[in-house]
């Protein structure tokens, strides 16, 4: 066991944040840690790290436990270069290698005491081998390259951005190989390529993991137990995030059923007591029920989590089929060519995810499409609605309700408040200034504005940033139900796979289009047999992707006919096998043989006809 909490309680200003928390974490365990904003996850992690002292209960840690802790805003302060900062982890290895080199050099001198020097060299070799010191450079380069720092070895750490410093902190922790790695939102600031690398690396990590994350794919792949902090209480579930969802629903349902059942029993007992306690003939039985009530251990009413926000996207009229179409264009930023002589086309009703490494130009492409550049054409009746991850269109000093009305002044106060409330902004929140809102609430305000826009083309730049898991899942559901067109950037792989029906990958200055779900896109990349096309192919593919009502009806008829043929062929194959068996038993009866063979000929003729039709349909 690495550590344990035993009935731990902690609060601020007399208000408990966590109450009676007990759990333990063992060697090599992989645990996901969930909880809504403000539930106390960071407080619990600080208690674990020894930064806080519990008000009650005890915390046990294994002696000399080495913990690596990545805080959510865990910037890395170091005066060295990127590579030099990582070399600091291997000071002892570098010292051993240096001593060995000095010893070997001394052994080559004429007056050397070879017996003593040889013994020293042998001892050093054993230590180096045990620590795998020769490979320290390989370890550094593996981690730095995997985390996207291949071209930044010599860059000083102080000039790196906040997000890059957090990534460097994670690199350092991976190289230190602690017994317990505590990661608070480690997937922030990582592009999808780096996320997959990190997951692969952590899969082979020898220590234990405690992970706070909103990345469901990350949790599902790495964790085998889930802890949830809710209403100050901690509950443990066996399994990853997907399994936790099922188990929690079952637990809440069972707790509610038991509570309601007990409340019914209490009501019946109390009713009997009220009616019979004063009657001489029944007072004794009434008293027995009073005693039963007194002895009963009253179950607490289950505290249900607040309902997740609800989003709904609608529009007034449909645009023409080719919603976005461009002439060839080139995009640059800071002297770097991001996209070189490409075209982009998006058809009505498609939900397209833009994917690619950080810095490939995804956000730049979105802004170009919205820039009113003459090379960009929107179909007639297209009404774009843009979600900006930076919330640049929100005045920080505006009251939330005023920020909303500033854009939709004709909406009644009742309708405005209702829309904001459905998105998770309550009566207190709408009176705050925008700058006083948390990142999650700002995102919900931006999504409320997006709903009010009633766009038939939604263009979304990282819409899941700052949203907790229930809000992300609500947004997914709303976008899946939306029958308009969606173009979005996201690093949330579960979100991409849930919403997108096509992928546009920005890579090496080109656009590559894939018609299908994200998981299929990833698989095609792995097998290097991607049914992908060049930057000009989306136009061709997209033009064929829209189907009229008549075309959809014909497609449904085709699928139904294919199923009918498959069913009929199975029936014929079964009958043919039975008739072949029958031929053996009736071989002496030539009339019966004639009937059976005639039927077999008819079966083969019908089968050939059906197979011919089948090949034209599939």
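The values are calculated or read from the model by the stated rules, or taken from the named source; none is laboratory data. Given the structure is predicted, the values throughout are model-derived calculations rather than measurements. No Cβ is skipped: glycine too gets one built from the backbone with ideal geometry, and neighbour counts run over all protein chains shown.
A few points about this structure:
- Residues of the range 366-399 that turn out to be at pLDDT 90 or above and surrounded by 18 or more Cβ atoms within 10 Å (Cβ to Cβ), as a count: 10
- For first residues located in the range 287-299 and more than 13 Å from residue 271 (Cα to Cα), partners that are surrounded by 13 or more Cβ atoms within 10 Å (Cβ to Cβ) and lie 6+ apart or on another chain with Cβ distances below 8 Å form the pairs 292/269; 296/262; 296/266; 298/262; 298/266; 299/255; 299/259; 299/262.
- Residues (in contact with a helix residue (DSSP H, G or I) (Cβ under 9 Å, 6 or more places away or on another chain), in a loop (DSSP other than H, G, I, E, B) and surrounded by fewer than 23 Cβ atoms within 10 Å (Cβ to Cβ)) located in the range 451-466: 462, 465, 466
- Residues in the range 501-533 that are at pLDDT below 85 and closer than 19 Å to residue 197 by Cα: 525, 526, 527, 528.
- Some residue of the range 413-429 being touching a strand residue (DSSP E or B) at 6+ places or on another chain (Cβ under 9 Å) and in a loop (DSSP other than H, G, I, E, B): no
- Check on residue 40, crowded, with 19+ Cβ neighbours inside 10 Å, modelled with pLDDT of 95 or more and under 27 Å from residue 242 (Cβ atoms): no
- The criterion of being surrounded by 13 or more Cβ atoms within 10 Å (Cβ to Cβ) and modelled with pLDDT under 90 does not hold for residue 331.
- Count - residues of the range 163-190 that are touching a strand residue (DSSP E or B) at 6+ places or on another chain (Cβ under 9 Å) and closer than 23 Å to residue 82 by Cα: 15
- Counting only helices (runs of 4 or more DSSP H) that sit wholly inside the range 62-159, those with at least 3 residues that are under 26 Å from residue 184 (Cα atoms) and touching a residue at least 24 places away in the same chain (Cβ under 8 Å) are 82-87, 136-146.
- Test: residue in the range 435-445 that is part of a loop (DSSP other than H, G, I, E, B) and either buried (at least 19 other Cβ atoms within 10 Å of the Cβ) or over 30 Å from the mean Cα position of the chain (by Cα) (or both): yes
- Scope the range 473-492; condition crowded, with 22+ Cβ neighbours inside 10 Å and either assigned to a loop (DSSP other than H, G, I, E, B) or within 12 Å of the chain's Cα centre (by Cα) (or both); matching residues: 484, 490, 492
- Of all the residues in the range 172-186, those that are more than 16 Å from residue 29 (Cβ to Cβ) and surrounded by 22 or more Cβ atoms within 10 Å (Cβ to Cβ) number 3.
- Boolean, residue 338 is modelled with pLDDT of 90 or more, surrounded by 12 or more Cβ atoms within 10 Å (Cβ to Cβ) and either part of a loop (DSSP other than H, G, I, E, B) or touching a strand residue (DSSP E or B) at 6+ places or on another chain (Cβ under 8 Å) (or both): yes
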